[in-house]
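All remarks here apply to the structure that follows.
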Amino acid sequence: MAAATGRRTGGEPWNDPDAKPYVELRRVSKKFGEFTAVDDVSLKIYEHEIFCLLGASGCGKTTLLRMLGGFETPTSGRILIDGEDVTDVPPYDRPVNMMFQSYALFPHMNVEQNVAFGLKQDRLPKTVIRERVAAMLEMVQLGEYAKRKVGQLSGGQRQRVALARSLVKRPKLLLLDEPLGALDKKLRERTQFELIGLQDKLGVTFLVVTHDQEEAMTLASRIGVMDRGTIVQAGTPAEIYEFPNSKFVADFIGSVNLFEGRLVEDEPDYVRIGSAELGGTILVGHGISSPPEATLWAALRPEKIAMTLDAPPQTDNVTRGIVQDVAYLGDLSIYVVRLATGKLVRVTRPNTARHGEPVERDGEVYLSWDAASPVVVTR
């Protein structure tokens, strides 16, 4: 998966020490008996962001979302929204709405009635309800489906009904739990950009829970990667992909080759790592902070590796191997190369030419990369 640049939302307020967060979690934990679902999480989310919580099943992301919505109470810590402590405030008194993974639409109601339900509960005037529902249905391109029952709609249309129902009450914060999980791949990709456009128009702050890396990279202004109840790294999609802070993050986001090694040369502006797995040395074009004898890993993305049939003119950042497998995916091909050490290395090449130089299974190839490509992680 290639790196995404992320979305920009009026600059980068998370880098401004004077910026006021719209949502703030202060050392929030949640325990269920002896099990700790969320462990001492502190986080700041800014107005008009799309912030994605990304992690595998059971990492605590949905529990964190439910605490923000008021459906779970933290065991410890505080939750602030727009400067107000809402830790003990019930869901119906928070400036928050939640779109559930199942959509939770009412099958006996038509589209218009589903979207209007929350406004009727708030006892708004009928004329106001009609105007706001009509405007929202037009915004999600469902105006002509207003009188249809939800059972007559496609999965993508039901998803947009649920989104319209969540947004029609004009919440300041919308929580979305795996919002596109029920859609097929092509529809999911199209809906991601529709969601971004809708959020831009309305200016609502979105907090999205997902396990889908590509979805998070597409939607998010920033991503919080979760593991075992904690946020292990938060940053823009490009920061998370290009500069992972651990083996876990490097391996979880996209594909990566990890080479274990030790420092053999440590200078302020570069380091050289000896790696038995590689069978050679890795030159990294920046300094690092690590004891000389410490074990570390060089993380190298598959698309940053050049593959040639002839030996490149360099001694660092080069190795040789045999192509074990090839997967043709149309826009790119994935190669699995076995080194003399037995290490398997994954390489991707874009298929920019219809008839390129063939690299076949069992063929010998050289792999090389630039000193700026590896990222060193120490844990």
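Only one of these conditions is not met by GLU293: (1) out of contact with any Asp or Glu (no Cβ under 8 Å at 6 or more places or on another chain); (2) in a strand (DSSP E or B). Which number is it?
Status for GLU293: all satisfied but (2).
Scan the stretch 120-148 residue by residue and report those that are in a helix (DSSP H, G or I), of a type outside the set (Ser, Thr, Tyr) and surrounded by 16 or more Cβ atoms within 10 Å (Cβ to Cβ).
ILE129, ARG132, VAL133, MET136, LEU137, MET139
If the requirement is being at pLDDT below 85 and under 19 Å from the mean Cα position of the chain (by Cα), which of these qualifies: ARG188, ARG170?
Sole residue among the options that is at pLDDT below 85 and under 19 Å from the mean Cα position of the chain (by Cα): ARG188.
Of the residues VAL209, VAL232, which is over 27 Å from LYS304 (Cα atoms) and either of a type in the set (Lys, Arg) or part of a strand (DSSP E or B) (or both)?
Within the list VAL209, VAL232, the selection yields VAL209.
Within the bounds of the stretch 309-319, is there any residue that is within 11 Å of SER368 (Cα to Cα) and not in a loop (DSSP other than H, G, I, E, B)?
Within the stretch 309-319, one or more residues are within 11 Å of SER368 (Cα to Cα) and not in a loop (DSSP other than H, G, I, E, B).
The values are calculated or read from the model by the stated rules, or taken from the named source; none is laboratory data. Since this is a predicted model, take the numbers as computed values, not measurements. Reconstructed Cβ throughout: ideal geometry from the backbone, glycine too, with neighbour counts over all protein chains shown.
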